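Read the structure below first, then the notes.
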Amino acid sequence: LEEVQAPLLAASHDVSFGYFEDFTTIPDLFDDASAAASGANTIREGITWKALQPDPGVNPAEWNWNDFDRFYEQAIGAGLRPILTFRIAPCWAAVQPCAEGQPNPPDPSSYDEYAFAAAEIAKRYPGALAIELWFEPNSKNFWGQTADPAAFSSLVGQAADAIHAVPGTTVRVYSGGLAPGKADPDKIEYGSFISKALD
């Protein structure tokens, strides 16, 4: 508010700026979000593990890529590098009991499967800016159970190692963005959560 700021379209910059919306169901938004129209350079979209790989033991080439492929192609075509938020375990990989329609966290015994799937996403979408690992994991609403900083830290560590091991990848790893605000019965305050996760 105090400084004169150059419009993003009028000046070169190294700021990532973009949008988060359900572009898979509202595809005409790409026209307004495009780099040419808005100056944006990123676009954020979710990939749910349960939609991508509903059954175990299936070759990655046969996973449900179609909707995500379409989004990726449209994003790149609009001059936008995707940030792909990867979350919601399928019941075969989730903490039990698994509740259909809920954001079930993976069981620790399936963290390697989550990591493998995250690496497959990085391989398939090499032009992505980043893969965001989960979303608001400090909140029961999005983690699916009581928030667990140690479990989340382990999940991120394994998935990050797998993504970074993809030959030649430039895809970054983002730890899941945290739910803001004060602690409540269903949420660990974000500063406390990240400190515990880093520990």
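The values are calculated or read from the model by the stated rules, or taken from the named source; none is laboratory data. Nothing here was measured: the structure is a model prediction, and the numbers come from that model. No Cβ is skipped: glycine too gets one built from the backbone with ideal geometry, and neighbour counts run over all protein chains shown. What goes into the accessible areas is simple: the full protein's heavy atoms, side chains included, and nothing from ligands, DNA or RNA. Shrake-Rupley method; radii C 1.70, N 1.55, O 1.52, S 1.80 Å.
Among the residues that make up region 74-82, is at least one of them in contact (Cβ under 8 Å) with a residue 12 or more places away in the chain and among the polar types (S, T, N, Q)? Yes - at least one qualifying residue is present in region 74-82.
Just to be sure, is Pro54 in contact with a Pro (Cβ under 9 Å, 6 or more places away or on another chain), outside any helix (DSSP H, G or I) and open to solvent by less than 70 Å² (accessible area, probe 1.4 Å)? It is true that Pro54 is in contact with a Pro (Cβ under 9 Å, 6 or more places away or on another chain), outside any helix (DSSP H, G or I) and open to solvent by less than 70 Å² (accessible area, probe 1.4 Å). Could you tell me which residue of region 164-193 is farthest from Leu84 (Cα to Cα), considering only residues that are of a type outside the set (D, E, K, R) and under 13 Å from the mean Cα position of the chain (by Cα)? Among them, the one singled out is Leu178. If only residues of region 164-188 that are of a type in the set (D, E, K, R) and out of contact with any Phe, Trp or Tyr (no Cβ under 9 Å at 6 or more places or on another chain) are counted, the one that is most open to solvent (accessible area, probe 1.4 Å) is Lys182. When Ala75, Ala117 are checked against the criterion of being assigned to a helix (DSSP H, G or I), under 20 Å from Val156 (Cα atoms), hydrophobic (A, V, I, L, M, F, W, C) and open to solvent by less than 40 Å² (accessible area, probe 1.4 Å), Ala117 stands alone in meeting it.
Quick one: would you say Thr85 is in contact with a Lys or Arg (Cβ under 8 Å, 6 or more places away or on another chain), closer than 23 Å to Phe23 by Cα and in contact (Cβ under 8 Å) with a residue 60 or more places away in the chain? So Thr85 fits the description; yes.
Of the set (1) open to solvent by 40 Å² or more (accessible area, probe 1.4 Å); (2) within 27 Å of Tyr72 (Cβ to Cβ), all apply to Ser154 but (2). The residues on offer are Ile83, Ile43, and the sole one that is modelled with pLDDT under 95, open to solvent by less than 50 Å² (accessible area, probe 1.4 Å) and of a type in the set (A, V, I, L, M) is Ile43.
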